[in-house]
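K.L.:
Pasting a structure here, questions to come.
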Amino acid sequence: MRPAQALIDLEALRHNYRLARQLGGGKALAIVKADAYGHGAVSCARALQDEADGFGVACIEEALELRQAGIRGPILLMEGFFDAAELPLIVEHDLWTVVSSLWQLEAVEAFKTDATLRIWLKLDSGMHRLGLSPEEFRDAHARLSVLPNVGPLVMMSHLARADELGSNRTHEQLEVFNRAIDGLEGETSLCNSPALLGWPDVRSDWVRPGLMLYGADPLYPQSSPHAAQLRPVMTLQSRVIAVRELAVGEPLGYGARFVADKPTRVGVVAMGYADGYPQFAPNGTPVLIDGVPGQLIGRVSMDMLTVDLTDHPQAARGSIVQLWGSAPTISELAPRCNTSAYRLPCSLKRTPRVYISG
Ligand SMILES: *Cc1c(COP(=O)(O)O)cnc(C)c1O
């Protein structure tokens, strides 16, 4: 069997959830959109089910996958519904929905139901992606508040630059938010992972941690006092499947991206870009070889990559090579490969996930 595996540590996931909730000081929606950032939404939601205040997903398809797997409790559609025809399903499956556009507001007003809709009303406080302007927001709040089939509203917004500790944009957005909600009834929701880790003065009744649940630090390489408490959830690993010796001047792999300038011992590892490992990881990208720091050499191919075993005399066919996890962390790895910590685990493909300590 191919030795590539993504180990998913569910105890680490629970630990990170508790940290996020504690930093937020209120309720925390565990964000499990995009298949839990590649970690497997159903398994992650099951692992958190007993303690999470609710879950956040991007669309009704993701919500229904969780419900069909028996996940109970609140599930919020963070982009709302894409079509008014989703409203009966939202009621049937007891989902919560964001309302961020006027057409969604009108669809809610026109929708007849005996059930109570739980709505998170979204303000555009400066990200300029989804959300109502402050004037529209106050008007929508008033219109929703008089509907008998709409429960207490949660007032939310999303932060565009909370991962930049030197930017004043987060405080500007906070000010716009506070002004827009002034005097209105309802709980608030503002914080994503970078806000929880980097902006202790930005808080809300509900927080929405995503990336940090999976143990990655969105602020890296800026320092944050809490990042060290995060525990990586995914360990991507495989094994050396062949070993060879290169003489001086011999090239390695596609495009001769590495040429030996000294006698070099090479390990071929069963892991490639079709598994989600970054194709353009450069020579020297860190890996762990049987727990010892080592380096990638040569171009990453679809199913294999190569590592330098010259300084790893004990390593042999069968040695375990860790591509990300405790080291290198996805936060460290991402900038070296011109990608983001968000994208690395989301790119996972083909490699089976193996759940541990569930
Ligand atoms: C994805 C998402 C989050 C989580 O963001 P992280 O940076 O991963 O913590 C929170 N809120 C909304 C609306 C999102 O779309």
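The values are calculated or read from the model by the stated rules, or taken from the named source; none is laboratory data. Note that the coordinates shown come from a computational prediction; the quantities given were computed from them, not determined experimentally. Here Cβ is always computed from backbone atoms with ideal geometry, including for glycine, and neighbour counts include all displayed protein chains. Accessible surface is based on the protein model in full, side chains and every heavy atom, while ligands, DNA and RNA are left aside. Shrake-Rupley method; radii C 1.70, N 1.55, O 1.52, S 1.80 Å.
K.L.:
Just check region 252-307 against the gyration tensor rule for me: Cα atoms, a ≥ b ≥ c as the square roots of the eigenvalues, rounded for a/c under 1.5, and otherwise prolate or oblate depending on whether a/b exceeds b/c.
P.N.:
oblate
K.L.:
Are there any chymotrypsin sites (Phe, Trp or Tyr not before Pro) in region 175-262 that are in a DSSP loop and have at most 11 other Cβ atoms within 10 Å? List them by number.
P.N.:
Passing sites in region 175-262 do not exist.
K.L.:
Further question on the same structure: In a shell of Cβ-Cβ distance under 11 Å around Ala160, excluding Ala160 itself, what net charge do Lys and Arg (+1) and Asp and Glu (-1) give?
P.N.:
Neighbour charge sum, excluding Ala160 itself: -1.
K.L.:
Let me ask something additional. Would you please put 106-114, 286-294 in order of how densely packed they are, using the mean number of other Cβ atoms within 10 angstrom per residue and starting with the highest?
P.N.:
The packing order, highest mean first, is 286-294, 106-114.
K.L.:
Summing Lys, Arg as +1 and Asp, Glu as -1, what charge do residues with Cβ under 13 Å from the Cβ of Ala242 carry, Ala242 excluded?
P.N.:
With Lys, Arg at +1 and Asp, Glu at -1, the neighbours total +2.
K.L.:
Out of the GluC sites (Glu not before Pro) in region 112-178, which ones are loop residues according to DSSP with at most 14 other C-beta atoms within 10 Å?
P.N.:
Glu164
K.L.:
Select from Gly272, Gly183, Gly70 the residue whose mean-square fluctuation is largest in a Gaussian network model of the chain (Cα-Cα springs shorter than 10 Å).
P.N.:
It is Gly183.
K.L.:
Let me ask something additional. Report the charge-dipole magnitude of the chain in Debye, nearest 20, computed about the Cα centre from +1 at each Lys and Arg Cβ and -1 at each Asp and Glu Cβ.
P.N.:
Computed charge dipole of the chain: roughly 1160 debye.
K.L.:
Using a Gaussian network model of the chain with C-alpha springs under 10 Å, which one of Leu344, Leu19, Leu102 is most mobile by mean-square fluctuation?
P.N.:
Leu102
K.L.:
Compute the separation of the alpha-carbon centres of region 218-251 and region 145-196 and state it in Å as a whole number.
P.N.:
One Cα centre to the other: 36 Å.
K.L.:
Another one. Starting from the Cα of Lys33, draw a straight line to each of the lysines and keep only those under 17 Å, dropping any in the same chain fewer than 8 residues away.
P.N.:
Here the lysines satisfying the reach criterion relative to Lys33 are Lys349.
K.L.:
More than 36 Å apart: what percent of Cα pairs in the chain qualify?
P.N.:
In whole percent, the share of Cα-Cα pairs in the chain beyond 36 Å is 31.
K.L.:
Further, regarding this structure: What translational D, rounded to a whole number of µm²/s, comes out for region 1-95 from Stokes-Einstein when the hydrodynamic radius is the Kirkwood one over Cα pairs, at 25 °C and 0.890 mPa s?
P.N.:
Reported coefficient: 174 µm²/s.
K.L.:
Give the relative contact order (percent, whole number) for the chain; include only Cα pairs under 8 Å separated by 6+ residues.
P.N.:
19
K.L.:
Under a GNM of the chain (C-alpha, springs under 10 Å), which listed residue has the highest mean-square fluctuation: Pro313, Pro194, Pro88?
P.N.:
Maximum fluctuation in the GNM of the chain, among the listed residues, is at Pro313.
K.L.:
Let me ask something additional. Cross-link partners among lysines for Lys27, C-alpha distance below 28 Å, same-chain residues fewer than 8 apart left out?
P.N.:
Here the lysines satisfying the reach criterion relative to Lys27 are Lys122.
K.L.:
Something else: With each run of n ≥ 4 DSSP H residues scored as -39500 (n - 2.57), what mean residue ellipticity at 222 nm is computed for the chain after dividing by its residue count and rounding to the nearest 500 deg cm²/dmol?
P.N.:
Per the formula, -7500 deg cm²/dmol.
K.L.:
Please name whichever of Pro221, Leu252, Gly186 sits farthest to the positive end of the charge dipole of the chain, dipole taken about the Cα centre and charges placed at Cβ: Lys and Arg +1, Asp and Glu -1.
P.N.:
Leu252
K.L.:
While we're on this one: Counting residues in region 10-215 as N, plug N into 2.2 N^0.38 Å and put the Cα Rg over that result.
P.N.:
0.98
K.L.:
May I pose another question? Of Val57, Gly38, Gly24, which is farthest on the positive side of the dipole of region 9-60, counting Cα position, with +1 on Lys and Arg Cβ, -1 on Asp and Glu Cβ, and the Cα centre as origin?
P.N.:
Of the options given, the answer is Gly24.
K.L.:
Quick one: with all protein chains in place, what share of the accessible area of region 10-215 is carbon or sulfur, to the nearest percent (1.4 Å probe)?
P.N.:
Looking at region 10-215 in its full context, I get 49 percent from C and S.
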